[in-house]
Amino acid sequence: MNVLSLVHGEDARTELFGPVVAEAGHHLDEWSFAWPTPPPQPVETYDAIFVFGGSMHPDEDDRHTWLSDEVDWLRGLLARPVPTLGICLGSQLIARAAGGWIARLGQPEIGWYDVALTENAASDPVLSALPSRFEALQWHHYEHGLPDGAVALAQSPACLQGFRLGESVWGVQFHPEVTEPQLGLWIDEDIEGDEQARLLDETRAKIGAWNDLGRRLCRSFLAAAERLRAG
């Protein structure tokens, strides 16, 4: 398969998922609607799509004028459909494209938080790869509602954490793709003082097990995409 990663910044790219895609024998391209250059091939020709996170928020069209173009494109993607996995901002943008609401959280989720799968996740082709409860890396200021016709797959005390729309589109609010160096950059840039030291220590202790779950989730999505593309 040819896989496209839609990215939203130099420090929010494919990361852990890149080697997993390569190990599965697929080709990966990265591209952003914010870049002045065209994608390596027409975006309509890719077999599967990742939509990753970013420092911007899903309603900041005035600051990032390309956001509305990406949402319009995602709206068309949902109609085709193409196997797609949105992560954090990516999940929020997919929900927005599908007509769901987006809103700022009362308190951001930044750090390691508990997530529980719903009963529907046990039979889901992708999120069933995860345990029924797990501690996830979160880094988001916004939440979104469940789009019409979607199935809730994961939840935290703060907000919806995962969903499936139709048979080919998934969104997760947590970050299964993060690597320790990537997360270290986020912490250095955005967190200060004792909280920075605490979060770095937590990350060193937890990132190995978290990356194992991230690889499992990525492999599960790629396997589901292969089945969907094969008909």
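Let me spell it out: the conditions are (1) touching a Cys at 6+ places or on another chain (Cβ under 8 Å); (2) within 15 Å of L213 (Cα to Cα), and E109 meets all of them except one. Which number is the exception?
All conditions are met except number (2).
Considering only region 111-125, state which residues are closer than 23 Å to L183 by Cα, over 16 Å from the mean Cα position of the chain (by Cα) and among the aliphatic types (A, V, I, L, M).
Across region 111-125, the qualifying residue is only A116.
For region 1-23, which residues satisfy the criterion of being closer than 13 Å to A48 by Cα and surrounded by fewer than 20 Cβ atoms within 10 Å (Cβ to Cβ)?
Within region 1-23, M1, N2 qualify.
Do we find that G54 is at pLDDT below 95, closer than 25 Å to H141 by Cα and either surrounded by 18 or more Cβ atoms within 10 Å (Cβ to Cβ) or basic (K, R) (or both) in this structure? Lay out the reasoning, then the answer.
Details: at pLDDT below 95: yes; closer than 25 Å to H141 by Cα: yes; either surrounded by 18 or more Cβ atoms within 10 Å (Cβ to Cβ) or basic (K, R) (or both): yes.
Here the answer is yes, as G54 does meet what is asked.
Looking at region 95-110, I want the residues that are over 12 Å from C159 (Cβ atoms) and have a partner that is of a type outside the set (F, W, Y) and part of a helix (DSSP H, G or I) with Cβ atoms under 7 Å, at least 6 apart or on another chain. Which pairs are those?
Between residues of region 95-110 that are over 12 Å from C159 (Cβ atoms) and residues that are of a type outside the set (F, W, Y) and part of a helix (DSSP H, G or I), the close pairs are R96/V71; A97/V71; A97/L74; A97/R75; A97/L78; A98/L78.
Kindly indicate whether any position in region 21-29 is in contact (Cβ under 8 Å) with a residue 12 or more places away in the chain, of a type outside the set (V, I, T) and in a helix (DSSP H, G or I).
So in region 21-29, the residues in contact (Cβ under 8 Å) with a residue 12 or more places away in the chain come out as 21, 24, 26-29.
So of that shortlist, the ones also of a type outside the set (V, I, T) come out as 24, 26-29.
Next, only the ones that are in a helix (DSSP H, G or I) stay: none.
The answer is no, given that none of the residues of region 21-29 is in contact (Cβ under 8 Å) with a residue 12 or more places away in the chain, of a type outside the set (V, I, T) and in a helix (DSSP H, G or I).
Sort out which residues of region 172-194 are polar (S, T, N, Q) and assigned to a loop (DSSP other than H, G, I, E, B), and write them in order of number.
Here is the first cut: in region 172-194, the ones polar (S, T, N, Q) are 173, 179, 182.
Of everything in region 172-194, those that are polar (S, T, N, Q) and assigned to a loop (DSSP other than H, G, I, E, B) turn out to be Q173, T179.
Considering (1) buried (at least 18 other Cβ atoms within 10 Å of the Cβ); (2) closer than 29 Å to A122 by Cα; (3) in contact with a Leu (Cβ under 8 Å, 6 or more places away or on another chain); (4) not basic (K, R), say which one L183 fails and leave the rest.
So the condition that L183 fails would be (2).
Out of all the residues in region 110-135, which are out of contact with any Asp or Glu (no Cβ under 9 Å at 6 or more places or on another chain) and acidic (D, E)?
Passing the criteria: E119, D124.
Counting only residues that are over 26 Å from G18 (Cα atoms) and among the small types (G, A, S), which one in region 152-209 is modelled with the lowest pLDDT?
Once the filter is applied, the top-ranked residue is G193.
Out of curiosity, is L67 surrounded by 22 or more Cβ atoms within 10 Å (Cβ to Cβ) and within 23 Å of L228 (Cβ to Cβ)? Write out each step before concluding.
Details: surrounded by 22 or more Cβ atoms within 10 Å (Cβ to Cβ): yes; within 23 Å of L228 (Cβ to Cβ): no.
Criteria not met by L67.
Restricting to region 199-226, name every residue that is loosely packed, with under 13 Cβ neighbours inside 10 Å and not acidic (D, E).
From region 199-226, those loosely packed, with under 13 Cβ neighbours inside 10 Å are 201, 204-205, 208-209, 212; that's our starting set.
Residues satisfying the conditions are R204, A205, G208, A209.
Kindly establish whether E44 is part of a helix (DSSP H, G or I), without any contact (Cβ under 8 Å) to a residue 60 or more places away in the chain and surrounded by fewer than 18 Cβ atoms within 10 Å (Cβ to Cβ).
Numbers: part of a helix (DSSP H, G or I): yes; without any contact (Cβ under 8 Å) to a residue 60 or more places away in the chain: yes; surrounded by fewer than 18 Cβ atoms within 10 Å (Cβ to Cβ): yes.
Yes.
Would a scan of region 118-126 turn up a residue that is surrounded by 16 or more Cβ atoms within 10 Å (Cβ to Cβ), in contact (Cβ under 8 Å) with a residue 60 or more places away in the chain and under 24 Å from L222 (Cα atoms)?
yes
The values are calculated or read from the model by the stated rules, or taken from the named source; none is laboratory data. Keep in mind that this is a model prediction, so the values were computed, not measured. Ideal geometry is used to build each Cβ from the backbone, glycine not excepted, and the neighbour counts take in all protein chains shown.
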